[in-house]
Amino acid sequence: MTEHDPVRLDSLEPDDLDGHTIDELADYLDAGMQPADPGIDDSAACQNALAAIVRLRQSSLGSLEAAAEQEAPADESWISGVLANISLEARAGRDVPLRPEAPTERPVMTEGAIRSLVRSAGDAVPDALIARCTLEGDVTELGAPIRVVVEIAVRAGAPIQAAAAEVRETVAEVLATQTDLVVEAVDVVVRDLLPMVVPPPETETGTEGEDA
């Protein structure tokens, strides 16, 4: 595993996600999103973060709880770093212009929405999980070239180069089809190897007495 510098969760301001913290969002998920909180449900930043947390928990890498039971506990600093990055990236950020269909239109996407697109696309790749996404360049200028840097973790035992290449292709495709960004390059950096989660053996039921 390689080292990187995760952002400390307790260093984030409480209003990073429209007045909510990443821990509050995780607790909201654990409670089944009940009772409903309009401050969370109506916040695009909170919804982006909630979707990323769900993917982190339910990714193809398997549950973090199962990994902790089978091997050494997952690196808490890594998990905290991913959650902190989710919190930072889910915020609206800069307005990114889209091509108008009429001269009077000024359509935009938020930077947070674009990063959420990148996370959603990358997390859908088997054996990969997005740790961080950075948009380099002037995203506020329509037509300006930008570079997308995606840091990922790959499941131990999986083909690293193949996983990275699929993340690169998937991210490039979603940005080309759902944004008007001029993407000069998508750089994928493998930062971590995560333990392979081995499912528990299935117990045979209903086999006794079948021949009777």
**Asked** Can G122 be described as surrounded by fewer than 13 Cβ atoms within 10 Å (Cβ to Cβ), modelled with pLDDT of 90 or more and not acidic (D, E)?
**Response** no
**Prompt:** What residue, of L83, L25, L12, L56, is surrounded by 17 or more Cβ atoms within 10 Å (Cβ to Cβ), more than 15 Å from L129 (Cα to Cα), of a type in the set (A, V, I, L, M, F, W, C) and modelled with pLDDT of 70 or more?
**Reply:** L25
**Asked** Does L129 satisfy the condition of being under 17 Å from A51 (Cβ atoms), within 13 Å of the chain's Cα centre (by Cα), in contact (Cβ under 8 Å) with a residue 60 or more places away in the chain and assigned to a strand (DSSP E or B)?
**Response** yes
**Prompt:** Which of (1) in contact with a Lys or Arg (Cβ under 9 Å, 6 or more places away or on another chain); (2) modelled with pLDDT under 95 is the odd one out, the single condition D187 does not satisfy?
**Reply:** (2)
**Message:** Within the stretch 155-175, does at least one residue satisfy the condition of being surrounded by 15 or more Cβ atoms within 10 Å (Cβ to Cβ) and part of a strand (DSSP E or B)?
**Reply:** yes
**Item:** Residue that is surrounded by the most Cβ atoms within 10 Å (Cβ to Cβ), among those in the stretch 176-191 that are over 15 Å from the mean Cα position of the chain (by Cα) and part of a strand (DSSP E or B)
**Value:** V186
**Request:** Give the residue that is farthest from A113 (Cα to Cα), with candidates limited to residues of the stretch 31-47 that are out of contact with any strand residue (DSSP E or B) (no Cβ under 9 Å at 6 or more places or on another chain) and surrounded by 13 or more Cβ atoms within 10 Å (Cβ to Cβ).
**Result:** M33
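The values are calculated or read from the model by the stated rules, or taken from the named source; none is laboratory data. Quantities reported herein were computed from a predicted structural model and do not represent experimental measurements. Methodologically, a virtual Cβ is constructed for each residue, glycine included, from the backbone with ideal geometry; neighbour enumeration extends over all protein chains shown.
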